[in-house]
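K.L.:
Take a look at this one; I'll ask things after.
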Amino acid sequence: MVLRAIILSSLVCTVGLSQTLPTTNESNQSGMAVYSGNDLLLNYRPESTLVTPVHKIEKPKYPAIDIHCHWVGQLDPKMLLANMEELGISHAVNLSGGFGKDLLAMLDRFTAASNGRLIIFANLDFKPIDDAEFGTYNAQILEAARAKGCAGLKLFKSLGLTIRDKAGKIVPVDDPRFNPVWQTCARLKMPVLIHSADPKSFFTPTDARNERWMQLKRHPGWSFFGGDFPKWDEVVAQRNRMIKANPETTFIIAHMAEGSNDYALLGKWLDEMPNMNIDISGRENEIGRQPLASRRFFIKYADRILFGTDRYPGRPDQPRNRIYYRMLETEDEYFDYYDHPYPPTGEWKIYGLNLPDDVLEKIYRGNAARLLGLDLKGPN
């Protein structure tokens, strides 16, 4: 039987017993190794002999709104807009707007320079988490930001996992101190895009049974297994309680709400919470490896799914746009979900969903335009 391992800088392969593999001049790279008996092959990258259609989709069928981007204030707005034209993106949403002076500077630099095509979301200031006026303070920040053109609020996965109060306790997602924030977002019609938890594999041991072993070995800080980290189920339950408790607030849950590995469960959440929407960013590897189930799910929940990449337009490392277009629009089979030397997550391929045009229009732009209050006219 052929057994697999990942080549890391230490080149240690663990299957039952630890065995140190010989050092090569590629010892600082990551890649696949296979061995059978005493035969070992490093940097195993088999080329498929399948002859299947290949469609290169340079631009999406409909000008897309990328609801999930991140960029810093030093980027040139003209560069972003030029990249958007090349990629067929009409609007891009920066979820890293910050708060206070940083947020105002971000709004000043990008909103006016782009005629509203570069959209900014605010973040929260967690420093005063123990203060009695924490929620009111952040609500006031959002009021001022909204008046300056801020379109929404983004919360990172640190809420529920790493943010702690002065007592050292991890602050839960449904902590009542945030209630004034959710209520303010509802009143101001500011959608809340929140990333809660992570893939379920990040909450299990990093061992031979973990399908994201390679990713977690490269990024050990992404593992939330052990210690006093909450379980995956607990973080997700906190998030869902918070959404249900604030039915007037519009929530967009990043990364398929971490439910793309279980569409029955994800569908149950969407059915129970009509104010919950999801973006597809960073989960092409999950979506595309189950094309039949994904196609059914995307058609059924076409009004609740938004396009996003988790990249800024034209970001050179791990480009995703055209892979997403190919996955959503074609019937192509067995292709890479990444465009760099090694897979960012697990060792598998993906397939196209060939979604209907009306579904594509909603996912690419219609749903985001509705939630953001955008009046789309013409090609953009």
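K.L.:
Let me test this: with uniform point scatterers at the alpha carbons of segment 150-202, what is the Debye-based log₁₀ I(q)/I(0) at q = 0.30 1/Å?
P.N.:
-1.18
K.L.:
Still on this model: Counting only C-alpha contacts under 8 Å and six or more residues apart, can you give the relative contact order of segment 183-285 as a whole percent? Spell out each step's value before the answer.
P.N.:
Numbers: 129 pairs, mean separation 32.9, N = 103.
For segment 183-285, the relative contact order is 32 percent.
K.L.:
Give the whole-number value, in cubic angstrom per residue, of the convex hull volume spanned by the C-alpha atoms of segment 45-147. Walk me through the numbers before you get to the answer.
P.N.:
Working: hull volume 18.5 nm³, N = 103.
Per residue, the Cα convex hull of segment 45-147 comes to 180 Å³.
K.L.:
Evaluate E = 1/(1 + (r/R0)^6) for residue 164 and residue 338, where r is the Cβ-Cβ distance and R0 equals 35 Å; express this FRET efficiency to the nearest 0.05.
P.N.:
Numbers: r = 34 Å, r/R0 = 0.97.
Efficiency, rounded to the nearest 0.05: 0.55.
K.L.:
With n ≥ 4 as the cut-off for DSSP H runs, can you work out [θ] at 222 nm for the chain, using -39500 (n - 2.57) per run divided by the number of residues, rounded to the nearest 500? If you can, show how the numbers build up before the last one.
P.N.:
Numbers: 12 runs with 110 residues, N = 380.
So the calculated ellipticity at 222 nm is -8000 deg cm²/dmol.
K.L.:
Could you give the nm distance between label points at residue 58 and residue 347, where each point is 7 Å from its Cα heading toward the beta carbon?
P.N.:
So the two model labels end up 3.6 nm from each other.
K.L.:
Rg (Å, one decimal) plus Dmax (Å, integer) for the alpha carbons of the chain?
P.N.:
21.7, 68
K.L.:
How many angstrom separate the Cα center of segment 158-174 from the Cα center of segment 255-311?
P.N.:
Here the two parts' Cα centres lie 27 Å apart.
K.L.:
Then there's this: Evaluate the relative contact order of the chain (contact order divided by residue number), counting alpha-carbon pairs under 8 angstrom at least 6 apart; express in whole percent. Kindly include the intermediate steps, with their values, before the conclusion.
P.N.:
On the way: 682 pairs, mean separation 63.2, N = 380.
Rounded, it is 17 percent for the chain.
K.L.:
7 Å from Cα along Cα→Cβ at both residue 292 and residue 85: what's the point-to-point distance in nm?
P.N.:
4.5 nm
K.L.:
Expressed as cubic angstrom per residue, what is the convex hull volume of the alpha carbon set of segment 110-168? Don't jump to the answer; show the numbers that get you there.
P.N.:
On the way: hull volume 4.9 nm³, N = 59.
Roughly 82 Å³ of hull volume per residue.
K.L.:
Let me ask something else. Here are some pairs, 61/300; 244/362; 200/300; 169/244; 78/189; which of them have Cα atoms lying more than 26 Å apart in this structure? Mind dumping the intermediate values first?
P.N.:
Working: 61/300 20 Å; 244/362 24 Å; 200/300 24 Å; 169/244 24 Å; 78/189 29 Å.
From 61/300; 244/362; 200/300; 169/244; 78/189, over 26 Å: 78/189.
Values in this text are rule-based calculations from the coordinates and carry no lab data. Please read these numbers as outputs of a predicted model, since none were measured by experiment. Virtual Cβ from ideal backbone geometry, glycine too; neighbours counted across all protein chains shown.
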